[in-house]
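Trainee: The following block contains the structure, expressed as structure tokens.
What follows draws every value from the coordinates through simple rules; no lab data is involved. Keep in mind it's a predicted model, so treat the numbers as computed, not measured. Here the Cβ positions follow ideal geometry from the backbone for every residue, glycine too, while neighbour counts run over all protein chains shown.
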Amino acid sequence: MTVSRRRMLAGAAIAPLAMGVFGGGAQAVAASAANDAPQGDYLVGAGVSDVTGPAAECGMMGYSMPQQQTAGIHQRTRARAYIVADASGRRVCYVNADVGALFQSVHQGVIARLQARYGGLYTEQNTLLNATHTHAGCGGSSWYAAYNLSILGFQQQTYDAQVDGIVEAIERAHDNLAPGRITLGRTELTDASVNRSRVAFELNPQADKDHFPLSIDPAVTVLRFSQGGRDIGAIAWFATHGTSMTNANKLISGDNKGYAAYAWEHDQAGVRYLDGTPGFVACFPQTNSGDMSPNLNLKPGSGPTEDEFENTRIIGERQFLAAKRAYDAADETIGGPLDYRLHYVDMSKVTVDGRYTPDGQQHTTASAAIGVSMLAGSTEDGPGLPLPEGVSNPFIDALGGVDSPVGKELADAQAPKVIAVPFGQMKPYPWAPEVLPLQIIRLGQLYLVGGPAEYTIVAGLRIRRTVAAELGVPLENVIMQGYANAYSQYVTTPEEYDSQQYEGASTLFGRYTLPAYQQEFAGLAAAMRTGAAVDHGPVPRDLSQDQLNFQPGVVMDSAPLLKKFGDVLTEAKASYQRGEQVLVEFVTGHPKNDLHRNGTFLEIQRLVDGTWVRHADDGDWDTKFHWTRTVLAESKATITWDIPPATPVGKYRVVHHGDWKSLAGTITPFTGTSRAFVVS
């Protein structure tokens, strides 16, 4: 949920984060039957890169709080890519990124870059991009206003970091391709999620509820990638929100799934990201997590402990350990056809056949709108806070405000939702996308249903049942891959929609949104089963030249009197015990001057045989980089290192890498170094 449950206030931060006929017209995709690869006869590759955006004064994507702006880094965010190719040259590309939402703008940017570099090798048809849905990353990468309201507009640095990092991860996976094998493992995890919308869940038919006796989706599905007997990566699907970090946090983080990936990669290979080599690449994508919270006590930052950082680590570690169990036991070889279908649908105009609706009657979807019950917020994952009275949002003002009449036709079409903001009718263009990509990727016996939203567990179950029945495959071999290729908020069942909880109020296209998805995914599955082509559908907007930004930039940096950039303000002590915290402060410049993407703002260096070598950096769990504006253009960097119990005894120092901007606009890098200290 790119906007966790939160209050919305007109004139402040109200953003809710905020199928055509199949057949001829498009170039045919070859039939699956023509792609019968032998078991395990693939080329496989994996790659990782950095998608971390501005580490200071950039609105964060997720809770929709204008006050929540980045002020440092706990862990860098990554994109992780996997490519599989068969003997005929057909291939699929899968990317999971530590971002709040994989917006359509980023999807369009990545596909354009891939086309320029690889021609028709990686296209929107065979490339699936999705998000971990962390709520502790940089915002402003969408071209649609609903998702930029609390961030004061489009942020080019965030967008470029995400597009560049995803493309780089794909390039590294491509360059890493070699003969390999994929195996499949499964397990269950029951202590890393809780249903935060039980009132709505209980309205579903008993047969649906019986599928989830604990009211959660415990399924963990893992793919194990190897080359020549050497493991190179894993994908581990599990449904829980990226909201262990609260809306009070201002440090960039991959949240619990980011920690799970970090823990596995370091456990498996002791990987260092900064040299650009793929090492072992582990990712933890979402499935149908719309009503799944990691806050086990159903309060922000609560459960299993009362510390948000510890909760992030624990929930992440539980996912890692469960995935590792499935990985170690993975004995089912993935083999056979690779296939894919993608079709764009205007989800505001779908006529839904009675086969997919609860009453058996034909219905239609509606123009996008959010409901009044979103305004009430919730306590489970962290409601956003309204701006003080009298404080306006210049981005909203530039768009003409939020007041738009709601006609009877739209009100009836969205009933029982009481409409707060009719996104689809806003000017100068709709505030949320309605032309959305729907995709199915086949990887041997496993099928990924790529949907551009966050689906509740029962909504995901119904789509999976529909697709599995159409394809004639076991239900467990169909995965609902949410947050894929675009973002359009929630999808609930019609029964859940009627209760108008947060998720139902955020289901943009009305009561029959889920039946519309079932119908359109059934069409894609039928085309895949028969080998038929699908038409492209309507073309989504390109709004790249129609963006506004009211977030102030960096004018200049200055150092305090008698100080220079990189000078130490607070020095390290002479010695520390393992388990203690090192804290050093430096005179610094604004992090927006250089994002240090695929680099670092800090190093913990260790003296080894007379040479200082990197021991940790700002991607590690035990370090934190805090940025603070002190006086006007002056700022300081506070670097902490919580010394792990297993840290080797020896001599260490803290190094800060930064950049300062002159009034003339020149940006100059600098380095500051603490005194050496002993860890014992």
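Trainee: Express in % the proportion of alpha carbon pairs of the chain at distances exceeding 44 Å.
Mentor: Pairs farther apart than 44 Å: 18 percent.
Trainee: While we're here: Along each of the three principal axes of the Cα atoms of the stretch 165-256, give the extent in whole Å, ordering the values from largest to smallest.
Mentor: Each principal axis gives a Cα extent; for the stretch 165-256 these are 49, 38, 21 Å.
Trainee: Give me the number: length gained by fully extending Gln545 to Ser88, i.e. 0.36 nm times residue separation minus the C-alpha to C-alpha distance, one decimal in nm.
Mentor: Between Gln545 and Ser88, full extension yields 160.5 nm more.
Trainee: So in the chain, what percent of DSSP beta bridges are antiparallel if you round to the nearest 5?
Mentor: Bridges in the chain are about 85 percent antiparallel.
Trainee: Sorted from largest down, give the three principal axis spans of the alpha carbons of the stretch 465-611, whole angstrom values.
Mentor: 71, 43, 38
Trainee: From the cross-link list Lys250/Lys299; Lys349/Lys427; Lys299/Lys592; Lys257/Lys573, which pairs have alpha carbons spaced over 25 Å apart?
Mentor: Lys299/Lys592; Lys257/Lys573, as the Cα separations exceed 25 Å there.
Trainee: Hey, could you grab the Kirkwood Rh for the stretch 50-203? Inverse mean 1/r over distinct alpha carbon pairs, Å, one decimal.
Mentor: Across the stretch 50-203, the inverse of the average 1/r is 17.2 Å.
Trainee: Then there is this: Select from Gly360, Pro337, Gln519 the residue farthest towards the positive end of the dipole of the chain; place +1 on Cβ of Lys and Arg, -1 on Cβ of Asp and Glu, and compute about the Cα centre.
Mentor: Of the candidates, Pro337 comes out farthest on the positive side.
Trainee: Beta carbons within 10 angstrom, averaged per residue: use that to sort the peptides 435-441, 67-73, highest first.
Mentor: 435-441, 67-73
Trainee: With unit charges on the beta carbon (Lys/Arg positive, Asp/Glu negative), name the residue among Thr190, Pro452, Thr673 whose Cα is farthest towards the positive pole of the charge dipole of the chain.
Mentor: In the chain, that residue is Thr673.
Trainee: In addition: Please compute the net charge surrounding Pro218, taking Lys and Arg as +1 and Asp and Glu as -1 over other residues with Cβ under 12 Å from its Cβ.
Mentor: Net charge around Pro218: -1.
Trainee: I want the local charge near Gln362. Using Cβ-Cβ distances under 12 Å, sum +1 for each Lys or Arg and -1 for each Asp or Glu among the other residues.
Mentor: So the surrounding residues net to -1.
Trainee: Along the three principal axes, how long is the stretch 493-575 when you take its alpha carbons, biggest first, rounded to the nearest angstrom?
Mentor: 73, 36, 35
Trainee: Please enumerate, by chain and number, the aspartates and glutamates with C-alpha under 18 Å from the C-alpha of Lys417, excluding those fewer than 8 residues away in the same chain.
Mentor: Leaving aside aspartates and glutamates fewer than 8 places away in the same chain, those within reach of Lys417 are Asp403, Glu409, Glu495, Glu496, Asp498, Glu503.
Trainee: Something else: Along Cα→Cβ, 7 Å out, is where each label goes; now give me the distance between the ones at Ala411 and Ser662 in nm to one decimal.
Mentor: 6.3
Trainee: While we're on this one: Looking at Gln545, Leu508, Ala468, which one has the Cα that reaches farthest to the positive end of the dipole of the stretch 463-547 (charges on Cβ: Lys, Arg +1; Asp, Glu -1)?
Mentor: Checking the options against the dipole of the stretch 463-547, the answer is Ala468.
Trainee: What is the order of Phe509, Phe225, Phe280, fewest Cβ neighbours within 10 Å to most?
Mentor: In increasing order of surrounding Cβ atoms, one gets Phe280, Phe225, Phe509.
Trainee: Over all alpha-carbon pairs of the stretch 284-324, lay out the pair-distance distribution in 10 Å bins, whole %, shortest bin first.
Mentor: 29, 52, 20
Trainee: Rg and Dmax of the stretch 392-481 over Cα atoms: what are they, in angstrom?
Mentor: 18.7, 55
Trainee: If neighbour count is taken as other Cβ atoms inside 10 Å, put Arg91, Arg196 in order from fewest to most.
Mentor: Arg91, Arg196
Trainee: Calculate for the chain the 222 nm mean residue ellipticity that helices alone would give, adding -39,500 (n - 2.57) per DSSP H run of length 4 or more and normalising by residue count, nearest 500 deg cm²/dmol.
Mentor: Per the formula, -6000 deg cm²/dmol.
Trainee: Now for a different question. Mind checking the full-extension length gain between Glu571 and Lys209? Use 0.36 nm per residue of separation minus the Cα-Cα distance, one decimal, nm.
Mentor: Separation in residues times 0.36 nm, less the Cα-Cα distance, equals 124.5 nm.
Trainee: If packing is taken as the mean number of other Cβ atoms within 10 Å per residue, what is the order of 604-611, 420-427, 250-257, highest first?
Mentor: Descending mean neighbour count gives 250-257, 420-427, 604-611.
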